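The values are calculated or read from the model by the stated rules, or taken from the named source; none is laboratory data. Every value quoted in this text rests on a predicted model; they were computed, and no experiment measured them. Quick reminder, even Gly has a Cβ in these numbers, built from the backbone with ideal geometry, and neighbours come from all protein chains shown.
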Amino acid sequence: MTGLLIHSLSEFSDLILEALALADAREVVEIGSEYGGMSSFLAEHCRVRGGRLTTIDPSPKREFLAWLKLGPDIRHLAKTSLKAFADIDEADAWVVDGDHNWYTVYNELGHIDAISRRAGKPLLVFVHDIGWPCGRRDFYYAPERIPPEYRHAYSFDAGAIPGQAALVEGRGFRGMGQFAFAEISGGARNGVMTAIDDFLADALRGGRELGFAEIPAVFGLGVIFDLDAPWSAPLADLLLPYHQNKLIGALEANRLRNYLRVLDLQDEAAARTGFV
């Protein structure tokens, strides 16, 4: 049923590429490549501007690896992001779409900010999955990679349902063994949007106010940027119509309700036939 679900960051490609052009971003780092849907757009953007795309993913899909063989100018780091940062000295922009949990994203943002500041580069980061279900609920591809003190109780089988804090057995949006969700949503150190909130609060305590736009579509896109960057005003103008747009948010909520209803129908059919 995943073929019915629009979930790729590439759905935002027009907006992201326009933002990268405004910032004259030539060196771009992408965290989380999966099938390479967004990677191909980013690679072409960098190629045209004489820059380079660096991708980070410890276990991308075979479609990405096949595409990678055709692009010798692309640098791929087959590591987790938190290990790969040691190999990166600078970048003009970052695209974060890897492991969607507080510990990973909060530390990714901290490393990205530190690298950018050392290189004297203004901050420009695109973060996917800031909305439901990962905004306030941790998601783990590999729970064992998260230190126990930052890892919530989780399930690979129970499902998330909008408006419900607890997972539900046998229903909802669930990993089916491919990924796990935290059993309870909300609270401290839980979810991608919570990681962003904490990162922005840290910056503010340090005397730095960062720009942030929240686009409530396709599981949510967040854009974090330095307000004193020379391109911050045109970037803000580009993003403002989408920021917390109520119509877009309503369409996203309806999309998710429809998809979850399809999952319910699938589960009901499986229960009647005895097939799972």
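Filtering 146, 130, 161 for residues that are modelled with pLDDT of 95 or more, in contact with an Asp or Glu (Cβ under 9 Å, 6 or more places away or on another chain), over 30 Å from residue 228 (Cβ atoms) and β-branched (Val, Ile, Thr) leaves a single hit, 146.
Screening segment 6-47 for residues that are surrounded by fewer than 23 Cβ atoms within 10 Å (Cβ to Cβ), in a helix (DSSP H, G or I) and among the hydroxyl-bearing types (Ser, Thr, Tyr) and picking the one that is modelled with the highest pLDDT gives 13.
Condition check ((1) surrounded by fewer than 19 Cβ atoms within 10 Å (Cβ to Cβ); (2) not small (Gly, Ala, Ser)) across all residues:
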position: 137; (1), (2): no, yes
position: 144; (1), (2): yes, yes
position: 157; (1), (2): yes, yes
position: 160; (1), (2): no, no
position: 165; (1), (2): yes, no
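Just one of 223, 218 is buried (at least 16 other Cβ atoms within 10 Å of the Cβ), in contact with an Asp or Glu (Cβ under 6 Å, 6 or more places away or on another chain) and in contact (Cβ under 8 Å) with a residue 60 or more places away in the chain; which is it?
On the way: 223 fails: in contact with an Asp or Glu (Cβ under 6 Å, 6 or more places away or on another chain).
218 is the lone residue from the list that is buried (at least 16 other Cβ atoms within 10 Å of the Cβ), in contact with an Asp or Glu (Cβ under 6 Å, 6 or more places away or on another chain) and in contact (Cβ under 8 Å) with a residue 60 or more places away in the chain.
Checking each residue in segment 245-276 for being out of contact with any helix residue (DSSP H, G or I) (no Cβ under 6 Å at 6 or more places or on another chain), exposed (fewer than 11 other Cβ atoms within 10 Å of the Cβ) and not in a helix (DSSP H, G or I) picks out 274, 275. Condition check for residue 129 on (1) surrounded by 21 or more Cβ atoms within 10 Å (Cβ to Cβ); (2) free of Cβ contacts under 8 Å to residues at least 60 places away in the same chain; (3) among the charged types (D, E, K, R): one failure, at (2).
For residues that are among the acidic types (Asp, Glu), in contact with a Lys or Arg (Cβ under 9 Å, 6 or more places away or on another chain) and surrounded by 16 or more Cβ atoms within 10 Å (Cβ to Cβ), tally how many sit in segment 66-112. Full working, then the answer.
Taking segment 66-112 first, the residues among the acidic types (Asp, Glu) are 73, 87, 89-90, 92, 97, 99, 108.
Going one step further and asking which of them are in contact with a Lys or Arg (Cβ under 9 Å, 6 or more places away or on another chain), we end up with 73, 87, 89-90, 92, 99.
Now narrow it down to the ones that are surrounded by 16 or more Cβ atoms within 10 Å (Cβ to Cβ): 92, 99.
Counting residues in segment 66-112 that are among the acidic types (Asp, Glu), in contact with a Lys or Arg (Cβ under 9 Å, 6 or more places away or on another chain) and surrounded by 16 or more Cβ atoms within 10 Å (Cβ to Cβ) gives 2.
When 228, 237, 202 are screened for being charged (D, E, K, R), farther than 21 Å from residue 133 by Cβ and in a loop (DSSP other than H, G, I, E, B), only 228 passes.
When segment 161-183 is filtered for residues that are without any contact (Cβ under 8 Å) to a residue 40 or more places away in the chain and over 18 Å from the mean Cα position of the chain (by Cα), the ones remaining, listed by number, are 163, 164, 165, 166, 167, 168, 169, 176, 177, 183.
Scanning segment 113-126 for residues that are of a type in the set (Gly, Ala, Ser) and crowded, with 17+ Cβ neighbours inside 10 Å turns up just one, 116.
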